[in-house]
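The values are calculated or read from the model by the stated rules, or taken from the named source; none is laboratory data. No experiment lies behind these values; they were computed from the predicted model shown. Neighbour counts run over all protein chains shown; Cβ positions are idealised from the backbone, glycine included.
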Amino acid sequence: MELNKKSISELKELYSNGSVKPSEVVRACLDAISNKDTEIGAFLEVMPEDVLRRARELEKESPEEMPLYGIPIAVKDNICTIGSRTTCASKILEGYVPPYNATVVERLLDAGAIIIGKTNMDEFAMGSSTENSAYQITKNPWNMEFAPGGSSGGSAAAVAASMVPVALGSDTGGSIRQPASLCGVVGLKGTYGRVSRYGLVAFASSLDQIGPITRTVDDSAIVMNVISGRDPFDATTIPDEPGDFRAGLGRGVEQLKIAVPVDLERWDIDAELKDILKDTIEKLEEAGAKIEPVNFPDMDASIACYYVIANAEASSNLARYDGVKYAFRAEAETLDEMYERTRGEGFGDEVKRRILLGTYVLSAGYYDAYYNKAQQVRAMICSRFEAIFSANDLVMLPTVPGPSFRLGERIDNPIEMYLSDIFTTPANIAGIPAISVPAGLTRKGLPLGIQLMAGYTQEEKLLQGAAMLEKIYKFNKG
């Protein structure tokens, strides 16, 4: 019995009937990490003694009272955890141990989960390949020569390699869904404000969102049930009770209206992915769904808008890392030199590139031309989505234009790397929920994902559609 490959529901059943104990499941996951992660590089830190101690303590409790009883979960390294480092994969936060847990971590622990370790990422969540980490490169478990995507590449790789059943990631412009697609797992980003950002180290505060990466849609719904809800520490959280995200999983898609962009042919999409999309549309129609061609918000405008707003907010948020308050400080003779050297040595090239771009669009003379214009485009995109969802239940499109790319292939071409996010950024700009579901493998054995989006706070409907896609694809997770 390979316990590290079991879903949450399967593990809960085993716990309920007394077949296994949390310590056995934890050992299976730790063994998988020990056997696989030397090559994959998904984890920055694993705490075997702490997690085994936590597992043995849970064995004194009843599994029926905790929705995530004994479930090992990995956490992206930009989510604060007491007692373990939270570095954002950056030298500037090397060795930083937060004095508090993020709200999502507290909710996971209260639900009986076991935090098994911290996963690698692109530095400060800025990247699409997890090659921008200051500490190591993460590889795609399906082919070690290829990237796992980013910025939550460590979390996606850990789940895809069956080292853990669940990992948390963060999604600012696709950083949960893009690596989920490239690694053949499920990645869910909720409505902006559905999940508290308290304890998530900020990249772009109006776009950031925490969400689960899992092997099944049902597991994503279970985790969202735990981590969602209002938080007094985060004023942007939605005040309404979220309900049960599993409620619609078995309903099918009969009478659901699913919008498909009319201009997908203009984009350079992998041929095998196009075939999957066409086949999916046919199967959804056979299942009773109504497919509606729509004019989607312009992708070029969307991604340009995203990279102006995200970099502007990053410039502001990362100003705090100056060598004075905490973390890395470079040696220097003057204060100005200390600032300059600390930020020059502490940040990697991609982070510095985005800070410079963000500072530029916020500077006098360019603020109106770039930042204000981007906000106007954002309002236009939100309005367009409102119109689409007034007549449709879901939008379907690729998660990314194609399968993974070779490590090193795009690292010196930022524009090509940024275009990996062309289909994911609109959901962040509009603040709507979106999910990537693994759809199949290319002839070269690399995963491809299909994305669904839903209207504001419509996660239940989103997961309903995702469950049908999962049923259609019957994806073999390896």
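Can you pull out the residues in the stretch 188-221 that are within 14 Å of the chain's Cα centre (by Cα) and among the aromatic types (Phe, Trp, Tyr)?
Tyr192, Phe203
How about the stretch 80-99: which of its residues are of a type in the set (Val, Ile, Thr) and either surrounded by 19 or more Cβ atoms within 10 Å (Cβ to Cβ) or closer than 23 Å to Ser228 by Cβ (or both)?
Hits for the stretch 80-99 are Thr81, Ile82, Thr86, Thr87, Ile92.
Report, by residue number, each residue of the stretch 296-341 that is closer than 30 Å to Ala430 by Cα and outside any helix (DSSP H, G or I).
Scanning the stretch 296-341 gives Phe296, Pro297, Asp298, Tyr321.
Does the stretch 299-309 contain any residue that is touching an Asp or Glu at 6+ places or on another chain (Cβ under 8 Å), of a type outside the set (A, V, I, L, M) and farther than 30 Å from Arg443 by Cα?
yes
Give the residue, chosen from Ala310, Ala314, Ala364, that is at pLDDT below 95 and at negative phi.
Ala364
Go through the stretch 450-460 residue by residue and tally those that are of a type outside the set (Gly, Ala, Ser) and not in a loop (DSSP other than H, G, I, E, B).
Of the residues in the stretch 450-460, 6 are of a type outside the set (Gly, Ala, Ser) and not in a loop (DSSP other than H, G, I, E, B).
Which count do you get for residues in the stretch 443-478 that are over 27 Å from Pro242 (Cβ atoms), among the hydrophobic types (A, V, I, L, M, F, W, C) and surrounded by 23 or more Cβ atoms within 10 Å (Cβ to Cβ)?
1
Which residues, counting only those in the stretch 119-155, are at positive phi and of a type in the set (Gly, Ala, Ser)?
Those that are at positive phi and of a type in the set (Gly, Ala, Ser): Ala125, Gly127, Gly149.
Would you mind finding the one in Ser155, Ser151, Ser128, Ser181 that is in contact with a Gly (Cβ under 8 Å, 6 or more places away or on another chain) and over 14 Å from Thr424 (Cβ atoms)?
The conditions single out Ser155.
For the stretch 265-280, which positions are among the charged types (D, E, K, R), surrounded by 12 or more Cβ atoms within 10 Å (Cβ to Cβ) and either part of a loop (DSSP other than H, G, I, E, B) or under 22 Å from the mean Cα position of the chain (by Cα) (or both)?
Asp270
Kindly indicate the residue of the stretch 248-272 that is β-branched (Val, Ile, Thr) and more than 13 Å from Leu284 (Cα to Cα) and also modelled with the highest pLDDT among those meeting that condition.
Ile269
Considering each residue of the stretch 336-349, count those that are surrounded by fewer than 19 Cβ atoms within 10 Å (Cβ to Cβ) and not hydroxyl-bearing (Ser, Thr, Tyr), and give that number.
The number of residues fulfilling the criteria is 8.
Any residue in the stretch 378-398 that's farther than 19 Å from Glu285 by Cα: show its pairings with residues that are assigned to a helix (DSSP H, G or I) and of a type in the set (A, V, I, L, M) at Cβ separation under 6 Å, as long as the two are six or more apart or on different chains.
Arg378/Ile429; Ile381/Ile429; Ile381/Ala430; Cys382/Ala430; Phe385/Ala430
Would you check which residues across the stretch 393-449 are in contact with a strand residue (DSSP E or B) (Cβ under 6 Å, 6 or more places away or on another chain), among the small types (Gly, Ala, Ser), closer than 27 Å to Ser205 by Cα and not in a strand (DSSP E or B) and list them?
Selection gives Ala427 alone.
With the requirement that a residue be touching a residue at least 24 places away in the same chain (Cβ under 8 Å) and among the basic types (Lys, Arg), what does the stretch 347-372 give you?
Of everything in the stretch 347-372, those that are touching a residue at least 24 places away in the same chain (Cβ under 8 Å) and among the basic types (Lys, Arg) turn out to be Arg353, Arg354.
Restricting to the stretch 5-24, name every residue that is more than 22 Å from Arg246 (Cα to Cα) and of a type in the set (Asp, Glu).
Across the stretch 5-24, the qualifying residue is only Glu24.
Which one is surrounded by the fewest Cβ atoms within 10 Å (Cβ to Cβ), of the residues in the stretch 158-200 that are under 16 Å from Met126 (Cβ atoms) and touching a Phe, Trp or Tyr at 6+ places or on another chain (Cβ under 7 Å)?
Thr172
Of all the helices (runs of 4 or more DSSP H) wholly in the stretch 116-231, which have at least 3 residues that are among the small types (Gly, Ala, Ser)?
It comes to 153-160.
Taking the stretch 226-265, which residues are β-branched (Val, Ile, Thr), under 18 Å from Gly190 (Cα atoms) and in contact with an Asp or Glu (Cβ under 9 Å, 6 or more places away or on another chain)?
Result: Val226, Thr237.
Looking at Val217, Val262, Val308, Val223, which is the one that is of a type in the set (Val, Ile, Thr) and surrounded by fewer than 16 Cβ atoms within 10 Å (Cβ to Cβ)?
From the options Val217, Val262, Val308, Val223, the qualifying one is Val262.
Restricted to the stretch 100-139, and to residues that are among the hydroxyl-bearing types (Ser, Thr, Tyr) and over 14 Å from the mean Cα position of the chain (by Cα), which residue is surrounded by the fewest Cβ atoms within 10 Å (Cβ to Cβ)?
Going through the qualifying residues, I end up with Tyr100.
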